[in-house]
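Data block below; observations after.
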Amino acid sequence: IGLLLNHVDGDSQAKLGKIVFPALVNAAMNDMKKIMKDAAVSSLLMGTERPQQNGGGANPPATECLVLCLESELSDAALKSSGLPDVLAFLTTRLESHTSVEQTENSRTMSVNRQLARVVVLSLLSSKAGTRSAAEKLLSICVKNGLVSSEALDKEIGKLLPAQERTVRSFIPKISTHERTVVETPKQSSRSRQSIRPNSSSRQPSRRESTRTKKVAAAILSRETSTSETYTEPSMPQNPLHPNTSKSTKLQRLSLLGRNDNWPDYPEDPSSDASLQALRKSWSLLISSSTIHVLFPKGGFRSHEDSIKGCEIISQSIEYSRNSNDISFLEQLDFIFKWIACALSSRDHTSGLRSLLTMLQLLLGRLHELSYVVNDAEATILLFSLIEKAGVAKSQFKDQFDDILSFVRSKELYQFQRYGSSICMKIVEKSKSNSARSLAAGECSSCVSEIGVGAIGKKGVIILARALTAEKLVEIRTSYLDLFYIVVQKYGDLDKLLSIIGDSNLTDKTKQMIVDRCSKRPSTAPAGIQSMHHDEPKQTRLRTPSNKHESRTSSASPRVGNEAPQQLFSSSAAATGKLKSRLQRFREENQATGGSIPPSPSLSSSTTHGIHQALPPTQNNSDLYMNALNNIRGMIAEADTTLANNVWIVKGSKAIRMLSWALKKDASNSSLDATQLEMLRQQIASNLDGCVESLTSSL
């Protein structure tokens, strides 16, 4: 848009500006992305310049059109926006160019002085200190070059409330001697208009006094104009964090961390006034007082907004370090990390938090360029607050927090083992934030996947077991179980891992949850569960599922009896003959109706080959599944009618029927609700091999 406007004549540029300038001004003031704000300001810059073939420079009609559009877009929300100071600074620069162009031509009064006066007055009432400062500089240029008349300012100020009028009048006398007279004698207009002709002796001192006042005002104007913002290419920035001494004291400070510097131990919040004041006092010994005043606002960090100027200071120092190959800021890295931690702990503010995270990314990138590895004390200062804030951050900041944490892991700014064991596991153990504990468990999973169980160590595994036992929320327990699964995958032996944890740190319920989660993959299941996946002759003969496996497949069915193993096998052996005869009769009836039922295996002898003996090799593959289903249905039908006295036959048939309900999602005929059926269905899908093995072994 800016290039298009820059390639048309001056009048057309002003006409087209009426269409696009409002949207560009709105974007420059209110857009959340800094890159969009900068692009909008650049477009306005090109859209108010004359084409190069016409000599270049500012285009007065387009500039006046810009003032009109800015005045129309200056709502209450725009006065609080973070981009308004940049727009006012740009307008100040453009009006300076506008004045120089007008001086080369026939001088004429600016036609939009009333709208410009309104922009100045409303901006002076903004709650943002940056906006008021930019408006004051704009007022200086307007009064100095005669772009705004005193009458226009009086008219706009007269529309304000008395309190607002007093606020604006506190700015205007600094610039205009005429307005100072208005403030000092506000009631002179109500007095009688009797003109008294002063004599020459009384008139001469007043002229000298007014001349002296004009000289003072001109000196103030020249000083303020020299500090106004421009959009020219900046030179190499000065280092605002330049130390006053070359003596290194950082190691001494870090050795006293948490003892003599009022820095709280985790999980205590570092945003207290005592911590902030102690940081200010210590840091003021190294850098200039002007930088300290910017880094530490008078009212402290009430929200992230109060840290925006401090972020600019630190970012400027980092850029200076990159351009000048200066590493003096490393001596103050602990102070910078403490300042960031205090700022992160304050109340949320969108643009303030965005500035903090952008500055932190710039800082970590510079540390990576210098191959700097953060030590334990520095990591303790920053990473606890960073992960705590990342856990509760709004969705619009999640990606930026994830980028920062992944950068810390991938760029080796801090040792993997120390990051997992000293930082993340401590958050899992002590944090009061649910989301922070879940995020820390995810970070530990990344570390364990990268370097193995050593990322959290034996102590970390025990802490994880205790945290899993004490945790009540399902989603956080899931993240802990996922971490356990990765630990078992890397360690290779669940039984040994459970013995390392010890029974004192692990309840039976927690142990069962770990077993259930890890047994979803046969390679990580314990020996008792893995044995169910092998066809051993001694276990195939009328073997019932183990207690652990039964708890997963039939947890919803009621427990019937507590018979001893000898009683169970004898009861099953007594029912063998009856079941054999029933199945044989069912096979004959099915054959008479056209079905194909394979001969039943010899249940009284050892079935070494299990189910393979029951399936003839000459059958088509398409019939195997239907024949198997017919056999199971026949067994269930006979068991319900004739074998009701056998407890385990009844339990087995109920369990098989329950699995059938789950697979068909049939809640109408089931004693389970839809949630239980869906959970059972997921468990069957995750352990399909074990389910089929249990069914075939029990049959």
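Details
- A single entry from 464, 506 fulfils the requirement of being modelled with pLDDT under 90 and surrounded by 16 or more Cβ atoms within 10 Å (Cβ to Cβ): 506.
Residue by residue, here is whether (1) under 25 Å from residue 369 (Cα atoms); (2) among the hydrophobic types (A, V, I, L, M, F, W, C); (3) out of contact with any helix residue (DSSP H, G or I) (no Cβ under 8 Å at 6 or more places or on another chain); (4) without any contact (Cβ under 8 Å) to a residue 24 or more places away in the chain holds:
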residue	(1), (2), (3), (4)
399	yes, no, yes, yes
402	yes, no, no, yes
405	yes, yes, no, no
411	yes, no, no, no
417	yes, no, no, no
421	no, no, no, no
429	no, no, no, no
433	no, no, no, no
440	no, yes, no, no
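- Only residues that are in a loop (DSSP other than H, G, I, E, B) and of a type outside the set (D, E, K, R) were counted across the range 488-509, and they come to 4.
- Hey, residue 665 open to solvent by 60 Å² or more (accessible area, probe 1.4 Å) and either basic (Lys, Arg) or at pLDDT below 75 (or both) or not: yes
- Qualifying residues in the range 428-455 (those that are of a type outside the set (S, T, N, Q) and outside any helix (DSSP H, G or I)) - the one most open to solvent (accessible area, probe 1.4 Å): 432
- Selection of the range 286-307 for residues being within 15 Å of residue 244 (Cβ to Cβ) and either among the basic types (Lys, Arg) or touching a Ser or Thr at 6+ places or on another chain (Cβ under 8 Å) (or both) yields 286, 292.
- The range 268-282, subset charged (D, E, K, R) and over 14 Å from residue 346 (Cα atoms), residue most open to solvent (accessible area, probe 1.4 Å): 281
- Residue count for the range 1-35, restricted to those that are among the hydrophobic types (A, V, I, L, M, F, W, C), in a helix (DSSP H, G or I) and surrounded by 14 or more Cβ atoms within 10 Å (Cβ to Cβ): 11.
- Near pairs, Cβ below 9 angstrom, 6+ apart or cross-chain, from the range 136-157 (closer than 12 Å to residue 115 by Cβ) to any residue that is of a type in the set (Val, Ile, Thr) and open to solvent by 50 Å² or more (accessible area, probe 1.4 Å): 147/109
Residues are listed down the side, and each one gets a yes or a no for (1) acidic (Asp, Glu); (2) open to solvent by less than 10 Å² (accessible area, probe 1.4 Å):
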| position | (1), (2) |
| --- | --- |
| 132 | no, no |
| 138 | no, yes |
| 154 | yes, no |
| 158 | no, no |
| 161 | no, no |
| 164 | no, no |
| 170 | no, no |
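- Qualifying residues in the range 670-699 (those that are assigned to a loop (DSSP other than H, G, I, E, B) and open to solvent by 50 Å² or more (accessible area, probe 1.4 Å)) - the one modelled with the highest pLDDT: 673
- Matching residues, the range 328-339, being open to solvent by less than 10 Å² (accessible area, probe 1.4 Å) and among the acidic types (Asp, Glu): 334
- Within this structure, residue 135 passes the test of being modelled with pLDDT of 85 or more and closer than 18 Å to residue 146 by Cα.
- Options 281, 338, 309: the member that is closer than 16 Å to residue 386 by Cα, charged (D, E, K, R) and not in a loop (DSSP other than H, G, I, E, B): 338
- Scan of the range 304-327 for residues that are open to solvent by 10 Å² or more (accessible area, probe 1.4 Å), in contact with a helix residue (DSSP H, G or I) (Cβ under 9 Å, 6 or more places away or on another chain) and closer than 23 Å to residue 349 by Cβ, ordered by number: 305, 306, 308, 309, 312, 313, 315
- Within the range 471-497, the set of residues being farther than 16 Å from residue 457 by Cβ, open to solvent by less than 20 Å² (accessible area, probe 1.4 Å) and in contact with a Leu (Cβ under 8 Å, 6 or more places away or on another chain) comprises 480 only.
- Restricting 72, 42 to those that are at pLDDT below 90, part of a helix (DSSP H, G or I) and surrounded by fewer than 21 Cβ atoms within 10 Å (Cβ to Cβ) reduces the list to 72.
- Looking across the range 346-381, just one residue is of a type in the set (S, T, N, Q), over 15 Å from the mean Cα position of the chain (by Cα) and part of a helix (DSSP H, G or I), and that is 380.
- Test: residue in the range 403-410 that is farther than 18 Å from residue 357 by Cβ, modelled with pLDDT under 90, not in a loop (DSSP other than H, G, I, E, B) and not basic (Lys, Arg): no
- Just one of (1) touching a residue at least 40 places away in the same chain (Cβ under 8 Å); (2) surrounded by fewer than 22 Cβ atoms within 10 Å (Cβ to Cβ); (3) in a helix (DSSP H, G or I); (4) within 42 Å of the chain's Cα centre (by Cα) fails for residue 127. It is (3).
- Here 384, 329, 397 are screened, and the one residue that is in a helix (DSSP H, G or I), modelled with pLDDT of 90 or more and within 14 Å of residue 250 (Cβ to Cβ) is 329.
The values are calculated or read from the model by the stated rules, or taken from the named source; none is laboratory data. Quick caveat, the model's predicted, so the values are computed rather than measured. We place every Cβ from the backbone using ideal geometry, glycine too, and count neighbours over all the protein chains shown. Heads up: the accessible areas ignore ligands, DNA and RNA and are worked out on the full protein's heavy atoms, side chains in. Shrake-Rupley method; radii C 1.70, N 1.55, O 1.52, S 1.80 Å.
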